1. Of these, Asp231, Asp186, Asp216, which one is under 20 Å from Ala41 (Cα atoms), open to solvent by 30 Å² or more (accessible area, probe 1.4 Å) and at pLDDT 95 or above?
2. Identify, by number, the condition in (1) touching a strand residue (DSSP E or B) at 6+ places or on another chain (Cβ under 9 Å); (2) closer than 16 Å to Leu197 by Cβ; (3) small (Gly, Ala, Ser) that Ser60 doesn't meet.
3. On the given criteria, is Met163 open to solvent by 10 Å² or more (accessible area, probe 1.4 Å) and farther than 28 Å from Ser51 by Cβ?
4. Can you tell me which residues in segment 354-387 are closer than 27 Å to Ala97 by Cβ, surrounded by fewer than 22 Cβ atoms within 10 Å (Cβ to Cβ) and of a type in the set (Asp, Glu)?
5. Which one of Asp112, Asp129 is out of contact with any Ser or Thr (no Cβ under 6 Å at 6 or more places or on another chain) and more than 22 Å from Lys168 (Cβ to Cβ)?
6. Does segment 259-281 contain any residue that is over 15 Å from Ile392 (Cα atoms), within 16 Å of the ligand (Cβ to nearest atom) and either open to solvent by less than 10 Å² (accessible area, probe 1.4 Å) or in the same structural domain as Asn28 (by TED's automatic domain parsing) (or both)?
7. For segment 172-195, does any single residue satisfy the condition of being within 8 Å of the ligand (Cβ to nearest atom), more than 25 Å from Asn65 (Cβ to Cβ) and among the polar types (S, T, N, Q)?
8. What strands (runs of 3 or more DSSP E) lie completely within segment 1-47 and have 2 or more residues being closer than 18 Å to Gly370 by Cβ and outside the structural domain of Thr213 (by TED's automatic domain parsing)?
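The values are calculated or read from the model by the stated rules, or taken from the named source; none is laboratory data. All values reported here derive from a predicted model rather than from experimental measurement. FYI the Cβ positions are ideal-geometry reconstructions off the backbone, even for glycines, and counts take in every protein chain you see. What goes into the accessible areas is simple: the full protein's heavy atoms, side chains included, and nothing from ligands, DNA or RNA. Shrake-Rupley method; radii C 1.70, N 1.55, O 1.52, S 1.80 Å.
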Amino acid sequence: MSVTGEHRMLIDGELVEAESGATYANVNPATEEVIGQVADAAAPDMDRAISSARRAFDESEWATNPELRIRGLRQLHEALNKERETLRPQIVAEVGAPIMLTYAVQMDSCIDDMEWDIECINRIEWEYDLPIHEFFGMRSARRVVREPIGVVGAITPWNFPFMLNLSKIVPALAAGNSVVLKPAPDTPWSATFIGKLVAEYTDIPSGVFNVVTSGDPATVGQMLTDDPRVDMISFTGSTAVGKRIMAGGAETLKRVFLELGGKSANIVLDDADLAAQAGMGAMVCMHGGQGCAITTRMLLPRSRYDEGVELLKAAFEGWSYGDPTDPANMQGPLINARQRDRVLGYIEQGKAEGARLLVGGNRPPQFEKGYYVEPTLFVDVDPDSTLAQEEIFGPVLSVIPYETDDDAVRIANNSKYGLSGAVNGKDLDRAYGIAKRIRTGTIAVNGGQWFGPDSPFGGYKQSGLGREHGIAGFEEYLETKTIGLPAPE
Ligand code: NAD
């Protein structure tokens, strides 16, 4: 079945080609085939998108008319609902995402959750009064007013592109901002699709939402961080690029919101169901391990280490992967050859540093095409080694033995990252007590899911700044103004 997507960008209310007419190829990572072309923006295109977003914020009624925002965003929601089955194969084709994941977090759940963010327009206390205050002999009333920040540059990665695009643009727009979305070069259709629906189905004023695609992300992405007309950058991606964005934004003191990398630990306690945990361990391979919050380190108690390792070996050997259009597969290819080679490089380094490779570690010989890596299990991993410290972003689990609960907490916290994690054991109070000692923004205890439209999500340490989702996530897109007024007589 041939799948195609929208090749034009959305700038100032119009679906447009790049000014130069340039395009670049969108490649299916499972087949390595070119599935279509997309506009390849350069500086003049980004400049036009930023000025239209600026004008829309300053001159349209988007920032000040909540009814218009609710109407426009509900029209978009309705259009997404109507067009789900057009989008689904596009996501599978350009991301290499297992189709089963599009029925959950890759697509359906974020469309379902969109109304929660729209409803925040009614949930937020946009204005409230503080008590009368006496200062310099004068009694004053004070009103606190919440306002949108202005122009938001949204920069997103390729692993869950559609979900992450919506996670940024819906709260940013609902809060009254205008947005320039710059998606990752590998996954442009997950953004241009939204641009097309905004243009064709909604009353969202021209310039309020713009999409700029480019094969040269550093140039046009950097323009967003540097430009004084942009007030905020909302970024999801690697910690390395996040640091560059923060440094670039410093010159114009931009608000910077960062969702970055992770190296999360699953602490398996000595009274845990090890068979169930082995199944969880293999889940690291879901979507080829290309998830920021996946628990890529498993901490096993020394007292049950051999038993746990045997069960993990069986789980990895039985894991089914391959063609992402096959609903039986929860692992497809990695996004591109560069990423595959990067992951294989980490595997070689792991072996060189002395970890024991138990399963996988290679390109699977059964696939002639596609950027696949075998489900890979390393055991006896040194907690200070590269395998245990770096975000690999591939289907690789590192198993680390520990002696005591304190030891497990110390190893789990021995990371520059602090995004997520898990604790599993029979005794809920013990597991919960350990979870409270882990320095991460989210954590799952005994299989409990922390994810939801109203759950704040984000990182401690070098995993990020700020929170996405929930009221805290919505408030990232607001400024606070305090107005002093004479106290009433
Ligand atoms: P990346 O950092 O390479 O790129 C992310 C985005 O930044 C892309 O759109 C890219 O084109 C753009 N970009 C690259 N250089 C830029 C520059 N100099 N200026 C402005 N923009 C620039 O990340 P990636 O490889 O696309 O995605 C994988 C990373 O994303 C992983 O580290 C993963 O952990 C992280 N991630 C984090 C979360 C989270 O919520 N914490 C979610 C998903 C992915």
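1. On the way: Asp231 fails: under 20 Å from Ala41 (Cα atoms); Asp216 fails: at pLDDT 95 or above.
None of the others qualify; the one that does is Asp186.
2. Unmet for Ser60, out of (1) touching a strand residue (DSSP E or B) at 6+ places or on another chain (Cβ under 9 Å); (2) closer than 16 Å to Leu197 by Cβ; (3) small (Gly, Ala, Ser): (2).
3. Values: open to solvent by 10 Å² or more (accessible area, probe 1.4 Å): yes; farther than 28 Å from Ser51 by Cβ: yes.
Yes.
4. Once the filter is applied, which keeps residues that are closer than 27 Å to Ala97 by Cβ, surrounded by fewer than 22 Cβ atoms within 10 Å (Cβ to Cβ) and of a type in the set (Asp, Glu), segment 354-387 yields only Glu368.
5. Values: Asp112 fails: more than 22 Å from Lys168 (Cβ to Cβ).
Answer to the check: Asp129.
6. Going through segment 259-281, the residues over 15 Å from Ile392 (Cα atoms) turn out to be 259, 266-281.
Next cut, within 16 Å of the ligand (Cβ to nearest atom) only: 259.
When the remaining residues are screened for being either open to solvent by less than 10 Å² (accessible area, probe 1.4 Å) or in the same structural domain as Asn28 (by TED's automatic domain parsing) (or both), the result is 259.
Scanning segment 259-281 turns up at least one residue that is over 15 Å from Ile392 (Cα atoms), within 16 Å of the ligand (Cβ to nearest atom) and either open to solvent by less than 10 Å² (accessible area, probe 1.4 Å) or in the same structural domain as Asn28 (by TED's automatic domain parsing) (or both).
7. No.
8. On the way: elements: 9-11, 14-16, 23-27, 34-39.
Ranges flagged: none.
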